[in-house]
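Taken together, the values in this text are just the output of simple stated rules run on the coordinates, not laboratory data. Model, not experiment: these values are computed from the prediction. Here the Cβ positions follow ideal geometry from the backbone for every residue, glycine too, while neighbour counts run over all protein chains shown.
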Amino acid sequence: MDTTSNFEGKASWKKIVAAYSKPDLRKSIWQTVNSLIPYFALFYISMRSVDISLWLTIPLALLTSGFMVRTFIIFHDCGHGSFFASKKANDWLGIITGILTFTPYHRWKHEHAIHHATCGDLDRRGTGDVYTMTLQEYLDAPWWKRFGYRVMRNPFALFLIGPLLMFVVAERIPPSKGRREIASVWWTNLALAVLIPIMGFAFGWKNYLIVQLLVLFFGTGAGVWLFYIQHNFEGVYWARHEQWDYFKASLQGSSFYKLPAVLQWFSGNIGFHHIHHLGSKIPNYKLPQAYNENPIFHVKPLTLLESLKCLKWRVYDEAHHTLTDWGVLKQVTATSTGNGNVR
């Protein structure tokens with residue numbers, strides 16, 4: 001993704017971003033309505049469908065998960081303080097949508113802020129991102145760490161098993177520090193401990209658990225895929241902290257994922273991720289307008305078909321400034337071993 005031709009606009013990007021950073025109350029309310037009401041309605045219909053046929057429940061749960069993703073985008077914007085002008089309104093809706101998506105609001109808000117401040121910085125990886133090792137780090141790592149990394153980066157673990165475990169299990173564990181972040185986890189856990197039994201007793205445990213797990217499976221898998229594809233693509237920007245540049249990290253370190261209109265709607269325009277990273281205060285519904293009206297944001301898009309090729313990326317090769325796959329890794333390992341450079 002080459003944005004070199006757009007760098008002449010670097011000096012004015014803050015003014016451009018500021019022009020789109022004011023939330024529209026009517027649009028925010030309408031997005032809340034057209035996301036949460038269909039989510040609740042489809043969840044209920046999905047639970048009722050279990051008594052008819054699981055073959056009916058599965059596609060209904062898949063559709064419901066689309067609204068869960070859209071609900072998470074509202075949660076995400078609230079965490080950035082971009083959905084409403086009021087901080088209280090953002091926090092309250094963020095907490096509610098966080099419970100619906102099994103995510104503690106204040107803990108996620110804190111970690112995601114770190115992600116935005118460190119995206120593309122090789123010296124500050126590891127918080128709120130899909131962890132990526134450099135080629136040399138992988139070569140120097142002990143066998144058990146390499147094995148664990150291979151398991152983690154395997155598509156089966158990364159998109160099918162990992163997301164469900166992360167949202168159902170890992171998000172229930174409080175961090176080691178941060179009073180508000182720790183409280184956020186416990187209050188969310190308490191809310192779920194009340195909500196889940198109510199749903200189970202009201203609609204039947206079997207019906208509720210089948211639908212809830214299916215919706216979480218589809219929704220979290222799609223969410224992690226979106227997050228992965230936004231920062232793991234050919235030409236992605238990474239730099240050591242001394243050379244790290246916020247503007248480049250945003251436009252080159254985050255993809256423009258050009259999705260079909262229906263998927264763009266369900267994903268809350270998050271495909272305009274390069275703009276979002278440059279201006280996190282822009283509400284999701286203003287991202288397409290910001291893109292259309294400013295050539296500085298017209299970077300090379302990543303299409304749905306092209307994004308499938310991104311599954312092969314495994315480690316970052318600092319020497320060549322590129323992500324690489326296991327095939328190249330084997331060649332480098334063999335060559336380095338022959339030269340006696342690797343243990």
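The table below gives the values:
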read-out	value
Stokes-Einstein diffusion coefficient of the stretch 203-343, Kirkwood radius over Cα pairs, 37 °C, 0.692 mPa s, in µm²/s	187
Of Lys177/Lys281; Lys109/Lys145; Lys88/Lys281; Lys258/Lys309, pairs whose Cα-Cα distance is over 18 Å	Lys177/Lys281; Lys109/Lys145
Shape category assigned to the stretch 43-161 from the gyration tensor of Cα positions, a/c cut at 1.5	oblate
Gain upon complete extension [Met152, Lys87; 0.36 nm per residue less C-alpha separation]	19.8 nm
Nitroxide proxy distance, nm - points 7 Å out along Cα→Cβ at Val168 and Ile198	2.2
Trypsin sites (Lys or Arg not before Pro) lying in DSSP loop within the stretch 113-185, provided at most 10 other Cβ fall within 10 Å	Lys177
Sorted by Cβ neighbour density within 10 Å, fewest at the top, the residues Ser176, Ser184, Ser86	Ser176, Ser86, Ser184
Net lengthening on full extension, Lys330/Lys281 (0.36 nm per residue, minus Cα-Cα)	13.4 nm
Alpha carbon centroid spacing (whole Å) that separates the stretch 98-113 from the stretch 8-65	17
C-alpha center-to-center spacing [the stretch 177-202, the stretch 219-297] in angstrom	31
Surface/4 of the Cα convex hull for the chain, nm²	18.9
Pairs of Cα atoms farther than 14 Å apart, the stretch 237-300, %	56
Relative contact order [Cα under 8 Å, 6+ residues apart], the stretch 4-338, whole percent	23
Fraction in percent of alpha-carbon pairs per bin - 10 Å, the stretch 168-286	11, 26, 30, 25, 7, 1
Contour minus Cα-Cα distance for Thr303 and Trp144 (0.36 nm per residue)	53.7 nm
Ile58 paired with Asn292, simple spin-label distance in nm, labels 7 Å along Cα-to-beta-carbon	3.8
Cβ-placed point charges (K, R +1; D, E -1), dipole of the stretch 15-113 about Cα centre in debye, nearest 20	380
